[in-house]
Amino acid sequence: MRDWSPTRVADAAGASLAAPPPGAKGPERVTVDSRDAGPGALFVGLKGQNTDGGRFAGQALARGAWGILTTPEHAQDARCAPPGVLLASDDPLAALQRLATAWRRELGARVIGVTGSTGKTSTKDLLLAVLARRRRTVASRANFNTEIGLPLEILGAPSGTEVLVLEMAMRGAGQIAELAAIAEPDVGVIVSIGPVHLELLGTIEAIAAAKAELLAALAPGATAVLPAGEPLLVPHLRTDVQTLTFGEGGDVALAGASGDSVEIDFRGERFSLEVSFTPAHLRRNLLAAVAAAHAVGVRAAGRVELALSPGRGQRVSLADGLTLIDDCYNANPMSMRAALDELAATAEREAGRRCVAILGDMLELGPRERDYHVEIGAYAAQAGADVLVAVGILGAAMAEGFTGEVHLARDAGAAATLASELVEPGDVVLVKGSRGVGLELVCRALQARHTDQAGI
């Protein structure tokens, strides 16, 4: 927005322009963190649960910010601060979102919205890997997938961006619809439907309906990319939207795999891709990425180098032949099963290695939460885990379904201590749980052990 005048920024945001410096150009970037509000930044003061960001508008200007967007009262207070553009709105968040939509339209980029109960982040990462060689592509960072993060990602896309890949998260009804209204996607990808956020939504059908808000938001003629044979999405299909399905029996399916090569069948046409990853769930998500790329005019080709987001299944080689699968960012029954499958497959590829599963609470699963944990314990045993470290109150229920060696840890700190004592040379260790459990402590403890032994 550097070429936009303050007046144009104000109009796009639906805000009033309280103080436009003469001849000022537009902002170079947008932030909601006053500590990041240096020269060229537009600081948006949002009201949070614990504090009102508008209180820091003056500090943002003192740091040299291009301007501020906040409530009228905070904008008035900031008049005593160093000069800068003062934008006022009764609802700064809505103004931020309107500004993002205006910039999305100015870019003229094709927008791909990605959601799903599990796999949306890896699919977003795969789309970036597939598209970046052919199009100027920007994809959501980390957890910038909410009503605040998503508009910031749009506003962070530079001029000349050709494709925007935006992850869309939700915890309740209406949230995907809100994000889609901001992003106006040309392609909507639903990676999966599963038992996530049942605490708020109640039923799997309600989860499907919430995810399907992305389909409802598509303009006629847009493209929906959906898992093949997903009955929960059938009530939400649209005849005026093109639909591409992926997975077994779908328009885009895996026809074979050998080493680093996968063969893909796209409506009867076959081609091969070289990939840098082996997990089955990632190869399935690759099919969704291939379909979405096709929808914006890009045919996947060559080698797909996947850079996973932190805590999303990275494999780390540690001292004494240890392999750590760091999947501690989040967890639900679907992603737990996929991670346990990969744990078993990793050990199988290198026969004789012991499988250690360090699994924490899966949160927000509603009335059946305990049953889900018992079932995951049984699945861990079935998948071939030799040792289970069950973390947390709900995690302890996994022990009831597990038939191997079990250790209980009340929290992540206790699990980190246990891991250091239990893990042996040559083990394959999976660390996974919901974000609130904080199992990154376990990963750090194991990596510190590697550092100590390797003398780095």
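For this structure, a couple of remarks:
- Members of the range 406-441 found to be modelled with pLDDT of 95 or more and out of contact with any strand residue (DSSP E or B) (no Cβ under 9 Å at 6 or more places or on another chain), listed by number: Gly413, Leu441
- Among the residues making up the range 112-129, those that are over 13 Å from His197 (Cβ atoms) and among the hydroxyl-bearing types (Ser, Thr, Tyr) are Thr121, Ser122, Thr123.
- Some residue of the range 34-56 being of a type in the set (Val, Ile, Thr), outside any helix (DSSP H, G or I), without any contact (Cβ under 8 Å) to a residue 12 or more places away in the chain and surrounded by fewer than 22 Cβ atoms within 10 Å (Cβ to Cβ): yes
- Filter result for Ala280 (assigned by TED's automatic domain parsing to the domain that holds Val187 and more than 23 Å from Arg141 (Cα to Cα)): yes
- When Arg349, Arg353, Arg337 are checked against the criterion of being of a type in the set (Lys, Arg), outside the structural domain of Val189 (by TED's automatic domain parsing), surrounded by 15 or more Cβ atoms within 10 Å (Cβ to Cβ) and under 27 Å from Val252 (Cβ atoms), a single residue qualifies: Arg337.
- On the stretch given as the range 112-128, residues that are crowded, with 23+ Cβ neighbours inside 10 Å and either among the aliphatic types (A, V, I, L, M) or outside the structural domain of Ala280 (by TED's automatic domain parsing) (or both) total 4.
- All helices (runs of 4 or more DSSP H) inside the range 67-145 with 2 or more residues being modelled with pLDDT under 95 and either β-branched (Val, Ile, Thr) or under 22 Å from the mean Cα position of the chain (by Cα) (or both): 120-131
- Within the range 148-180, being touching a residue at least 60 places away in the same chain (Cβ under 8 Å), among the hydrophobic types (A, V, I, L, M, F, W, C) and either surrounded by fewer than 16 Cβ atoms within 10 Å (Cβ to Cβ) or under 21 Å from Arg435 (Cα atoms) (or both) holds for Ile148, Ile176.
- Scanning the range 279-309 for residues that are in contact with an Asp or Glu (Cβ under 8 Å, 6 or more places away or on another chain) and aliphatic (A, V, I, L, M) gives Ala280, Ala291, Ala295, Val296, Val304, Leu306, Ala307, Leu308.
- Wholly within the range 183-274, helices (runs of 4 or more DSSP H) carrying at least 1 residues that are among the β-branched types (Val, Ile, Thr): 204-211
- Each residue in the range 9-24 was checked for being loosely packed, with under 15 Cβ neighbours inside 10 Å, out of contact with any strand residue (DSSP E or B) (no Cβ under 8 Å at 6 or more places or on another chain) and on the phi < 0 side of the Ramachandran plot, and 1 pass.
- Restricting the range 234-263 to residues that are in contact with a strand residue (DSSP E or B) (Cβ under 6 Å, 6 or more places away or on another chain) and among the hydrophobic types (A, V, I, L, M, F, W, C), the residue that is surrounded by the fewest Cβ atoms within 10 Å (Cβ to Cβ) is Ala255.
- Those helices (runs of 4 or more DSSP H) of the range 329-424 in which at least 3 residues are farther than 19 Å from Val437 by Cβ, considering only elements entirely within it, cover 333-349, 369-383.
- Annotation: Arg312 fulfils all but one of (1) among the charged types (D, E, K, R); (2) modelled with pLDDT of 90 or more; (3) part of a loop (DSSP other than H, G, I, E, B); the unmet one is (2).
- The listed residue being out of contact with any Ser or Thr (no Cβ under 6 Å at 6 or more places or on another chain), over 21 Å from Gly119 (Cα atoms) and assigned by TED's automatic domain parsing to the domain that holds Glu424, out of Gly268, Gly259, Gly321, Gly297: Gly321
- Filtered by the rule that a residue be under 16 Å from the mean Cα position of the chain (by Cα) and either modelled with pLDDT under 95 or polar (S, T, N, Q) (or both), the range 195-220 gives Val196, His197.
- Hits in the range 368-379 - residues which are free of Cβ contacts under 8 Å to residues at least 60 places away in the same chain and either more than 13 Å from Ala396 (Cα to Cα) or of a type in the set (A, V, I, L, M) (or both): Val374, Ile376, Ala378, Tyr379
The values are calculated or read from the model by the stated rules, or taken from the named source; none is laboratory data. Only a predicted model underlies this, so the values are computations on that prediction, with no experimental measurement involved. Reconstructed Cβ throughout: ideal geometry from the backbone, glycine too, with neighbour counts over all protein chains shown.
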